[in-house]
Amino acid sequence: MNKEIVVSGIRSTGKLHLGNYYGAVKNFVQMQNDFNCFFFIADLHSLTTHPTPGDLHGHVKHVLVEYLAAGIDPENTTIYVQSDVPEVAELYLYLNMNAYMGELERSTSFKDKVRANPDNVNAGLLTYPVLMAADILMHKAIKVPVGKDQEQHLEMARTFGNRFNRLYNADYFPEPYAFSFTENLVKVPGLDGKGKMGKSEGESNAVYLSDSPEVIRKKVSRAVTDGGPTSEFQEKPEAIQNLFDLMKIVSTPDTLEHFNDLYNKMAIRYGDFKKQLAEDMILATAPIRDRIQEISADDAYLRQVAKHGALKARESAQKTIREVRELIGIKSF
Ligand code: ADP
Ligand code: TRP
């Protein structure tokens with residue numbers, strides 16, 4: 001039986017944090033047996049922020065190692081580095097012809113990036129969603145496991161795929177949708193009291209899969225809180241709600257309920273609460289942390305995984321490019 005196709009990737013900008021894990025990678029691991037999965041490391045996407053040549057490869061290695069440490073099985077799944085599949089750049093070029101300035105400029109992540117880095121508004125940043133659509137459409141994916149922040153990019157991938165189909169009068173690209181095993185797409189909060197966990201949000205906001213237990217304890221103990229509840233059953237302010245949301249992800253329902261009750265009775269002690277949260281984070285990530293070191297030291301294995309993945313990904317990509325060229329009308333003499 002033909003399995004549904006799944007594609008996802010993470011931009012290689014360094015180590016993976018709990019947001020990346022619970023928003024994306026954990027789904028990768030859960031999907032690999034039931035779907036035909038392509039999981040890649042988006043090193044081309046990372047070029048929008050101009051990493052040094054020296055840093056680039058190390059960042060790719062971090063992500064590859066952490067995919068494997070999290071439990072993605074390269075025998076079951078196609079794991080590859082985006083730049084090992086040059087066909088992606090070709091499809092990106094074709095899709096760019098049907099992507100309009102107005103819609104690209106309206107993307108919220110583009111607007112956020114422009115606000116954060118007004119001196120580096122490059123065309124690659126503007127067309128980031130087109131490159132992402134190329135990654136997805138290349139393998140004709142239906143499901144794309146990502147966190148909540150990527151939803152708009154998926155909508156754009158559908159737009160570009162449908163537009164291509166209409167232009168060339170072909171029922172070629174299927175519609176990809178964001179996917180999560182949880183009821184809603186996941187948004188993991190950070191430790192700094194506001195918004196999501198993210199690399200760009202500052203070092204202390206994010207807990208990394210490779211952080212040691214000591215580092216995790218320290219980061220969680222410094223997480224932003226307040227003076228405590230001032231009335232029973234009051235609504236939690238964002239910083240406190242965020243810590244409860246984190247606890248919901250890493251702790252048992254009983255633990256969550258216990259601290260929720262204490263909060264509602266105005267008897268919570270944030271010190272105890274954070275200690276429990278830190279220990280549960282440590283426990284939830286322990287098997288991954290242990291394997292990161294081991295896999296990271298095995299360069300021969302990593303080389304073999306990347307090579308094998310590139311072969312499989314290119315086979316799928318070359319078929320698509322052949323068909324796309326034909327639909328567009330590109331012919332050799
Ligand atoms: P960052 O925000 O740290 O730069 P990325 O944008 O590279 O992370 O995201 C990579 C993947 O991880 C995407 O699928 C994204 O949806 C997911 N992700 C990142 N941060 C979170 C978060 N805080 N909650 C849920 N998913 C997240
Ligand atoms: N934009 C994703 C991120 O922020 C990375 C990514 C690139 C991606 N291409 C993709 C995710 C295709 C899913 C599918 O990390």
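Nothing in this text is a laboratory measurement; each read-out follows from the coordinates by a stated rule. Everything numeric here is computed off the predicted structure, so don't read it as measured data. For neighbour counting, all protein chains shown are included, and Cβ atoms are generated from backbone atoms with ideal geometry for every residue, glycine included.
As a check on your grasp of the helix formula, calculate [θ] at 222 nm for the chain: sum -39500 (n - 2.57) over DSSP H runs of n ≥ 4, divide by the residue count, round to the nearest 500.
Rounded to the nearest 500, it is -16500 deg cm²/dmol.
Each 10 Å bin, from zero up to the one with the longest distance, holds this percent of the alpha carbon pairs of segment 11-70: 22, 50, 24, 4. Looking at the P(r) of segment 198-333, how many percent of alpha-carbon pairs lie beyond 22 Å? The answer is 58 percent, as a whole percent. All alpha carbon pair distances within segment 49-161 were sorted into 5 Å bins beginning at 0; the resulting P(r) in whole percents reads 2, 10, 18, 19, 23, 17, 9, 3, 0. Counting 0.36 nm for each residue step from Lys148 to Ala284 and taking away their Cα separation leaves a gain of 46.8 nm.
For the Cα atoms of the chain, what angle does the longest principal axis make with the long axis of helix 299-328, in degrees from 0 to 90, nearest 10? With rounding to tens, the tilt is 50 degrees.
Ordered by the number of other Cβ atoms lying within 10 Å of each residue's own Cβ, fewest first, Tyr263, Tyr21, Tyr177, Tyr100 fall into the sequence Tyr100, Tyr177, Tyr263, Tyr21.
Take the Cα gyration tensor of the chain, multiply each eigenvalue by 5, square-root it, and list the three semi-axes largest first, rounded to whole angstrom.
Listed largest to smallest, the semi-axes of the chain are 38, 22, 18 Å.
Which distance in Å, rounded to a whole number, links the C-alpha centroids of segment 86-121 and segment 44-61? Between the Cα centres of segment 86-121 and segment 44-61 lies a distance of 18 Å. Cβ crowding within 10 Å, taken as a proxy for footprinting-reagent exposure, orders Lys312, Lys307 from fewest neighbours to most as Lys307, Lys312. Using DSSP, restrict attention to beta bridges with both residues in the chain and report what percent are antiparallel, rounded to the nearest 5. Here the antiparallel bridges make up roughly 10 percent for the chain. Among Ser231, Ser109, sorting on how many other beta-carbon atoms sit within 10 Å of each Cβ, with the fewest leading, yields Ser231, Ser109. The alpha-carbon positions of segment 122-233 define a convex hull whose volume is 179 Å³ per residue. Gap in Å between the Cα centre of segment 146-218 and the Cα centre of segment 219-256? Cα centres, segment 219-256 to segment 146-218: 23 Å. Computed over the alpha-carbon atoms, segment 182-276 gives an Rg to Rh ratio of 0.95, Rh here being the Kirkwood radius from the mean inverse distance. Placing a pseudo-label 7 Å from each Cα along the Cα-to-Cβ vector at Ser109 and Lys265 gives an inter-label distance of 4.5 nm.
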